[in-house]
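S.K.: Take a look at the following structure, please.
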Amino acid sequence: MTWHFILMAIMYIFAGLMHFIKPKAYIKVMPDYFKHKATLVYLTGVAEIVLGAALFFETLKDFAIYGIVLMLIIFFTVHINMLKGKREALGIPKIILILRIQL
C-alpha cells in the first residue's frame, strides 16, 4: 500500500469519527432541505469510517475508491451550502471553503 492511500484512509477514518465527536457542527452545515440531519450525520460518519478502513485491504480498495467518489459527489451540496453564510461556514474563511469544494 502506498503512502497516499494510508494518508487517505487515516483522513477518512478521522473525519468519520468526528461525525460522532462533534455531530452538531456537521448538522449546522447541512442544507435546510435535508431531513433527519442527525441520522444523516451518523450514517455518513459510519460510511467514512468503513470506506477509509476498506482502503487498507487490497481486495476492497476499488470498492472504497468508488464509494468515496460517490460520497464526495453527495457531499458537494453540503460544501456549497457552507458558502451561504456565517452559520453554515462555522467561522472557516471563505477562501478555504472555496478550495475545499473539490474535497
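Nothing in this text is a laboratory measurement; each read-out follows from the coordinates by a stated rule. Every value quoted in this text rests on a predicted model; they were computed, and no experiment measured them. A quick note on method: Cβ atoms are made from the backbone with ideal geometry, for glycine too, and the neighbour counts reach across all protein chains shown.
S.K.: Using a basic spin-label model with each label point 7 Å from the Cα along Cα→Cβ, how many nm lie between Y42 and M11?
M.R.: 2.8
S.K.: Between the helical axis of 37-54 and the dominant principal axis of the chain, each derived from Cα atoms, what acute angle in degrees is found, rounded to the nearest 10?
M.R.: With rounding to tens, the tilt is 20 degrees.
S.K.: Another one. How far is it, in nm, from the label point at I101 to the one at L83 when both lie 7 Å from their Cα along the line to the Cβ?
M.R.: Placing both labels 7 Å beyond Cα along the Cβ direction yields 0.3 nm.
S.K.: Angle check, please: helix 61-81 long axis (alpha carbons) against the longest principal axis of the chain (alpha carbons), in degrees 0 to 90, nearest 10.
M.R.: Between the helix axis and the principal axis of the chain, the angle is about 10 degrees.
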